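K.L.:
One structure follows; several queries about it will come next.
Only the coordinates and a few stated rules stand behind these numbers; no lab work does. Fair warning: this is a prediction, and the values are worked out from it, not measured in the lab. Here Cβ is always computed from backbone atoms with ideal geometry, including for glycine, and neighbour counts include all displayed protein chains.
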There are 4 protein chains.
Amino acid sequence: MTFREIVELHPAPPSEIREVLLRCAEECLDCGASCTACADASLSESDVQELMRVIRVCLDCADVCDATARIATRQSSPDKRLVRAAVEACATACVACAEECDRHAAHHEHCRICAGVCRRCKAACDDVLAR
Amino acid sequence: MTFREIVELHPAPPSEIREVLLRCAEECLDCGASCTACADASLSESDVQELMRVIRVCLDCADVCDATARIATRQSSPDKRLVRAAVEACATACVACAEECDRHAAHHEHCRICAGVCRRCKAACDDVLAR
Amino acid sequence: MTFREIVELHPAPPSEIREVLLRCAEECLDCGASCTACADASLSESDVQELMRVIRVCLDCADVCDATARIATRQSSPDKRLVRAAVEACATACVACAEECDRHAAHHEHCRICAGVCRRCKAACDDVLAR
Amino acid sequence: MTFREIVELHPAPPSEIREVLLRCAEECLDCGASCTACADASLSESDVQELMRVIRVCLDCADVCDATARIATRQSSPDKRLVRAAVEACATACVACAEECDRHAAHHEHCRICAGVCRRCKAACDDVLAR
């Protein structure tokens, strides 16, 4: 995605975690959109009543991912506690969403794929938290 | 705000924390809008160069608050870890934003008010986390 | 809500539409949260399969309202076309959501209330567009 | 991005505009993140006082793009007026943001790139509106 080029032109000297933050932002964008799409696909399934919980968790995870994508994109004088807290919440949301999607993965391929995206996003969050 | 009436009509039996979640959602909405407004007012100040950090933190805090408001509003089968993680991130964001706004409170009244809203939101988050 | 006090402290001379924008922002915040709550309540109803369309429209309307609330809150050198386009989209979303909620108002009180909030938000948008 | 695979697994028969909506959602995600990044880079520039207007417009455009990305991603029984109104607002926001970024393109490369992303997103919106 092109937004990476803009972040790389930020006038401040790059922090040592800019690259892991950028990876995190990219994964958050894909995960947020994937959770929005999985909630929407689940809403149209004939067994929607069994999918209530996964829809709820996908909606929550999309909100956390979209907020975290914005925060991880910004490079101007961050408050490190705030950034870390957001990325931690995102990692937790992605685990919760992946686990719930797993429960429906056998009968709904979109849940199987969504679980994978959530795990990839969780790993990108962990890379930020490891620094 | 009217959205409270809709939450109170949710068909599921109310969880024991519905009322504290609702208070949290109300404070998050006000805090998110306050941070958006404070970032915007700061952007138009003649000393904007000194306000860069508070603008950054307000933008981040607005994103976390708006996501948390949505999550705290939803009552359908929550994942408790996810809800808790979002509310924890929100409490941390509000503390960071209040502290940064405090530094400009003497010369910018909008920062002084924003700090107060952030502290009120932090308290509402703590009430959820205490349950 | 306190965010109004912050907007009123914005350093630029108030535009002649600041007050109608502020009313619009307040209604958008309540409408966005109401649509989030109505989608969530509908998701937990036993007739969720009949509520798919209203859930979809509520999710969309919440997204448009939340974006419009932020845009109407900002007072720093606006692009008038952009502000107007966002408020127009919000008015259209509110009408669509109110109409769909009306269809379920007789059996779901939360839909009846949500339709009313959407109409109030539509009126606040129209007040901006009339200027 | 992976979210496309999930949208393609939506259980409803694909609408004739699913592919243009998907392209629109992808461009909106990149444009929203690009505007967030451009506002943030501008905030750290030494001539931030001259960049106030472009920061404001980038923040607004990011909000409209992120909302439109979600709406264009959803495939469950859309309200066509609502979808169209959101995409129209997004096209208008992208034009406004591209024009403002153009004014700074000569001295800020991030503004030049952001203008290009906005124009690409505008074109993807127009493709939806042409259907």
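K.L.:
Could you give the angle, 0 to 90 degrees to the nearest 10, between helix B:80-102's Cα long axis and the longest principal axis of the Cα atoms of chain B?
P.N.:
Roughly 20 degrees between the two axes.
K.L.:
Hey, rough spin-label estimate for A:ARG131 and A:ARG18, points 7 angstrom out along Cα→Cβ, what's it come to in nanometres?
P.N.:
Taking the two extended label points, one gets 1.0 nm.
K.L.:
Using all alpha carbons of chain D, what is the percent of pairwise distances in each 5 Å bin, ordered from the shortest bin to the longest?
P.N.:
Reading the bins upward from 0: 2, 12, 23, 20, 15, 11, 8, 5, 2, 1, 0.
K.L.:
OK, next. Which whole number gives the average count of other chain Cβ atoms within 10 Å of the Cβ atoms across peptide D:52-62?
P.N.:
If you average over the peptide's residues, the count of other-chain Cβ atoms is 6.
K.L.:
Hey, got the average number of other protein chain Cβ atoms within 10 angstrom for residues in C:25-34?
P.N.:
Going residue by residue through C:25-34 and averaging, the value is 5.
K.L.:
Below 8 Å, C-alpha to C-alpha, sequence gap of six or more: please give me the relative contact order for chain B in percent.
P.N.:
Working: 154 pairs, mean separation 41.5, N = 131.
32 percent.
K.L.:
Divide by every residue of chain A the summed helix terms, -39500 (n - 2.57) for each DSSP H run of at least 4, and state the resulting mean residue ellipticity at 222 nm, rounded to the nearest 500 deg cm²/dmol.
P.N.:
On the way: 5 runs with 98 residues, N = 131.
Mean residue ellipticity at 222 nm (helix-derived): -25500 deg cm²/dmol.
K.L.:
I would also like to ask the following. Is there a simple number for the mean count of other chain Cβ atoms within 10 Å of the Cβ of residues in B:89-101, and what is it?
P.N.:
Counting Cβ atoms of other protein chains within 10 Å of each residue's Cβ and averaging gives 4.
K.L.:
I want to check the label-to-label distance for C:ARG84 and D:GLU99. Put each point 7 Å from Cα in the C-beta direction and report it in nm to one decimal.
P.N.:
1.1
K.L.:
Using the structure shown, select from C:LYS80/D:LYS80; C:LYS80/D:LYS122; A:LYS122/D:LYS122 the pairs with a Cα to Cα distance greater than 27 angstrom.
P.N.:
Where the Cα-Cα span goes over 27 Å, the pairs concerned are A:LYS122/D:LYS122.
K.L.:
About its Cα centre, what dipole magnitude does chain A give when the only charges are +1 on Lys and Arg Cβ and -1 on Asp and Glu Cβ, stated in debye to the nearest 20? Kindly include the intermediate steps, with their values, before the conclusion.
P.N.:
Values: 16 positive and 22 negative charges, 96 e Å.
About 460 debye.
K.L.:
Rounded to whole angstrom, how close does the nearest chain B beta-carbon get to the axis mapping B onto C, and which residue is it?
P.N.:
B:LEU29, 3
K.L.:
Based on the alpha-carbon gyration tensor of the stretch D:63-131, what equivalent-ellipsoid semi-axes (square roots of 5 times the eigenvalues) come out, in whole Å, largest first?
P.N.:
27, 10, 9
K.L.:
Distances from C:GLU5 to the same position in the other copies: list them in nm, one decimal, shortest first, using label points 7 Å from Cα along Cα→Cβ.
P.N.:
With the label placed 7 Å along Cα→Cβ, C:GLU5 yields 2.7, 4.6, 5.1 nm.
K.L.:
Using Cα atoms only, what is the angle between the long axis of helix C:109-129 and the major principal axis of chain C, expressed in degrees (0 to 90) to the nearest 10?
P.N.:
30
K.L.:
I've got another one for you. Is the stretch C:1-75 best put as rounded, prolate or oblate by its Cα gyration tensor, with a ≥ b ≥ c the root eigenvalues, rounded for a/c under 1.5, and otherwise prolate when a/b is larger than b/c, oblate when not?
P.N.:
Prolate, because a/c is 1.5 or more and a/b exceeds b/c.
K.L.:
Moving on. Taking only Cα atoms, what is the 0 to 90° angle, nearest 10, from helix A:52-73's long axis to the longest principal axis of chain A?
P.N.:
10
K.L.:
Please give, to one decimal in nm, the separation of the simple spin-label points placed at C:ALA123 and A:ASP47, each 7 Å out from Cα toward the Cβ.
P.N.:
Inter-label distance under the simple model: 4.6 nm.
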